[in-house]
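Some notes on the structure that comes next.
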């Protein structure tokens, strides 16, 4: 049994793309993982049957392709994606990106509801373990500090920063 509180530090120097955090933290109600993508690295195109996901970018800029359309999420920003929507995480920039991915369904975390695709044209996916990671993007496709053509739609919500129930 996990004792509370449980504190786990992110490894910002890791070369691993995927670091599971759920078991380390003793979490059972949702999935939580650290992802680190070097310039040009991409994850599989995937969707979930019932799991929504939230991505919190810790450092760098994450490109999230949603049904093929690119969106950029900067450090300190979050993005939520509903179940059933195909998405792909990519680092199209010249700096490493580190993020925390959280996922859950209304009934709690279901870790095996993902379906992965090789291309955006595929309509039927397979088990993620059976779909290889895509090739890295060539250096010529990496973006500098400006990303032309990338959609940046955001809704900001002021949640306050006060302590003990006080809003600032």
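The values are calculated or read from the model by the stated rules, or taken from the named source; none is laboratory data. Predicted model, so just to flag it, every value in this text is computed and none were measured. Virtual Cβ from ideal backbone geometry, glycine too; neighbours counted across all protein chains shown.
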Odd one out for residue 8 among (1) modelled with pLDDT of 95 or more; (2) over 20 Å from residue 116 (Cα atoms): (1)
Turns out the strands (runs of 3 or more DSSP E) fully within the range 60-168 with at least 2 residues that are at pLDDT 90 or above and exposed (fewer than 11 other Cβ atoms within 10 Å of the Cβ) are none
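Conditions tested, residue by residue: (1) assigned to a loop (DSSP other than H, G, I, E, B); (2) at pLDDT 95 or above; (3) touching a strand residue (DSSP E or B) at 6+ places or on another chain (Cβ under 7 Å).
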| residue | (1), (2), (3) |
| --- | --- |
| 24 | no, no, no |
| 36 | no, yes, yes |
| 39 | yes, yes, yes |
| 54 | no, yes, yes |
